[in-house]
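Heads up, the thing below is written out as structure tokens.
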Amino acid sequence: RKEVEQDPGPFNVPEGATVAFNCTYSNSASQSFFWYRQDCRKEPKLLMSVYSSGNEDGRFTAQLNRASQYISLLIRDSKLSDSATYLCVVTDLSGGYNKLIFGAGTRLAVHP
Amino acid sequence: DAMVIQNPRYQVTQFGKPVTLSCSQTLNHNVMYWYQQKSSQAPKLLFHYYDKDFNNEADTPDNFQSRRPNTSFCFLDIRSPGLGDAAMYLCATSRPRTGPTEAFFGQGTRLTVV
């Protein structure tokens, strides 16, 4: 079983749509959770951290369910510029520091 | 201003010819990572440093080596590149806190092996 699993997509949605991505992780001891965005042939960039209470940043909402080892990202009112790959990232705290483990990413394509 | 800088952005090397990729950071972070990312795949951790403490992933081939002469710089050496080593190589840094802490990535070096 992969440490971090995501639906690869692609998700093809029209502008203005709401889209949700899911991610599951295998290590119950994982401490920190993130969503990164990666544009084609570019480096990953932090989109948002994911907190136990859930958190929102504009059109983006992230949720964490520790019991089910499940993370989600909701994008409302999709824009063309949201087209990218969204990477779920989980940290493995070993040796006193965070080791970041990536999912393979979910591709999103927003069309007019 | 770029905080994690990788050089070069693009590297072409011959099959079997040693190549070195470099990474520098201005963030003074303790932890530095090297990831390998192939097309449509997750970034795969090769190794990481906590200060000078080197940590190799179990499945990282011996062909890959790394050096960290000081806090700011880290190098990835590929001793005998094969065609399968063609990929994007990403350097990242982070603080060693236990709470939520993001990783900062360089722009990556895209390696082509001919």
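What follows is calculated from the coordinates using simple rules that are stated; it is not laboratory data. Just so we're clear, the structure is a prediction, and the values are computed from it rather than from any experiment. Ideal geometry is used to build each Cβ from the backbone, glycine not excepted, and the neighbour counts take in all protein chains shown.
Numbers at a glance
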| item | result |
| --- | --- |
| Top of A:Phe11, A:Phe33, A:Phe21 by mean-square fluctuation, Gaussian network on chain A, Cα under 10 Å | A:Phe11 |
| Label point distance in nm, B:Leu27-B:Ser80, each placed 7 Å from Cα along Cα→Cβ | 3.6 |
| Descending Cα extents along the principal axes, the range B:1-91, whole Å | 35, 31, 26 |
| Radius ratio Rg over Rh of the range B:48-114, counting only Cα atoms, Kirkwood formula for Rh | 0.98 |
| Percentage of interatomic Cα-Cα distances in the protein assembly as shown larger than 31 Å | 21 |
| Packing-based order for A:52-58, A:36-42, B:28-34, using average beta carbon neighbours within 10 Å, highest first | B:28-34, A:36-42, A:52-58 |
| Inter-chain Cβ neighbour average for residues A:40-48, partner chain, 10 Å | 5 |
| Calculated on alpha-carbon atoms, Rg and Dmax of the range A:1-61 in Å | 13.3, 38 |
| Sequence-separation-based contact order of the range B:15-114, relative, with Cα cut under 8 Å and 6+ spacing, percent | 35 |
| Two-decimal log10 I(q)/I(0) for the range A:39-87, as the Debye equation yields it once each C-alpha is a single scatterer, q = 0.15, 0.20, 0.26, 0.31 Å⁻¹ | -0.46, -0.76, -1.07, -1.24 |
| For the protein assembly as shown: lysine pairs under 22 Å (alpha-carbon distance), excluding those fewer than 8 apart on one chain | 16 |
| Theoretical gain in end-to-end length, A:Tyr51 to A:Ala20 [0.36 nm per residue, Cα-Cα removed] | 9.5 nm |
| The range B:1-67, relative contact order [Cα under 8 Å, separation at least 6], % | 21 |
| Gyration tensor (Cα) of chain A, equivalent ellipsoid semi-axes in angstrom | 24, 14, 12 |
